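Structure first, then comments.
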Amino acid sequence: MTIDCTNAREVVERNFPGLWFVVEAILSVIATLFIEDIINPASLFLIGAASSSKGTVLDMLRGLIRIYWSDEFTPSAFVSETTNKTEDELKKIDLLPRIKDKALVVPELAPIFGARLDVLKKTISVLTRVLDGEGYTRDAATAGNRGYVGQHRFVFLGASTPFDDHVWRILDKLGNRLCILVMPDTDSDGFSEDFSKVLREGKPIKEKLEEARLAVCGIIDQLESLKSVEWNRSNDPQDVVEKITLLAELSGRLRGDIRKVRCDSGSYERGFKHIESPKRFAILLYNIARGHALVNGRTNIDDSELELVREIALSSCPYGRYRLMKFLISNGGEVETIAVEELLGCSKAYALDLMRDLEELGIVDVFQRTPPQGGRIKMIRIKSKYKDVLLP
């Protein structure tokens, strides 16, 4: 049986213009549960401002098969400290066994990633371990050592406002296992006209959401009928896999941390940089690409997966760097300093600092251009090795 998204795409776009790409991304992550050789849990967090429709997309999953919904979530729930229960009872209390082979959906993650630094570090360390897919055990004064060992595959879906930079620094230290997708810009050209048509239909939002939910449910039902798909990796085109790997490397550089060094004067200067290995993230991107292919009725990947992989790779980094990269791409790979200031609404010093980050991380080249009217303009250009996977 092959999966057909035609109806779901039409229903979602009719009711929520511009959101099918995000819905398809979510379905691609869920589809990884049905590919036999995928063990590592996949994650996808939708990032956007308030009213960016990220909650609407996740609401399309509420109540569906394979979905475990949690409006309030803490990582300590994976394995509780409860002691006065039997082993069977604990499996009904602990979150980890309850989400096995399911999609955990947390519609609001901002409180978790906006917590105090010490709490945030603990949270991310737990998520890091759980997202290895090999279970999780913990020691507590009341419960001793308890937990679960062995394969615990699931997918983790959520939504949040953009992470602060200190969150990314912690993720950098612990090894990033989180895939991010920035919500599409609802102020883009044509959106107002498209959305006004939706409003004029007069259909209640609840009815529109239910139509979209049924359409998404139809895709998940089709996935369920496949049970477990054997994937022949040798059928995946080498050039496409190489591009996914290159995008994973780029994403690792975009997440790179440039440490600050305290000088004798008491001021801070830019010190050494830390760039994570792209291996783990390449596996995650490749698995999501396979999920995307499966949702689109194929058991091998092709070039059509690269748009989603590229967006996740670019999104999975500090928001300022993401915005600058998107601006670079939309301008053919080159921009000048003053344009960056206007884009980010920041000072010239901050713009220069951001551009220097991308230079030191090996993503762009910095050069100067002499305009016809004279003078010198500082420019940045995407490195040639990345142009093929980023520019049209």
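What follows is calculated from the coordinates using simple rules that are stated; it is not laboratory data. What you see is a predicted model, and the numbers here were worked out from it, not measured in a lab. Don't worry about glycine lacking a Cβ; one is built from the backbone with ideal geometry, like all the others, and counts go over all protein chains shown.
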Given 54/387; 54/208; 121/387; 122/383; 91/208; 54/102, which pairs have Cα atoms separated by over 25 Å?
54/387; 121/387; 122/383; 91/208
How large is the helix-only mean residue ellipticity at 222 nm for the chain, computed as the sum of -39500 (n - 2.57) over DSSP H runs with n ≥ 4, divided by its residue count, in deg cm²/dmol to the nearest 500?
-14000 deg cm²/dmol
Connecting every pair of Cα atoms under 10 Å apart in the chain and solving the GNM, the largest mean-square fluctuation among 94, 239, 132 falls on 239
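What number comes out for the charge environment of residue 138, summing +1 per Lys or Arg and -1 per Asp or Glu over other residues with Cβ under 15 Å away?
-2
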Which percent, to the nearest 5, of DSSP beta bridges fully inside segment 6-234 are antiparallel?
25 percent
Taking the alpha-carbon distance from residue 279 and a cut-off under 16 Å, which aspartates and glutamates remain once sequence neighbours fewer than 8 residues away in the same chain are dropped?
132, 172, 242, 249
Any chance you could check the Cα centroid distance between segment 331-363 and segment 66-86 for me, in angstrom?
43 Å
Positive minus negative residues near residue 85 (Lys, Arg vs Asp, Glu; Cβ under 13 Å)
-2
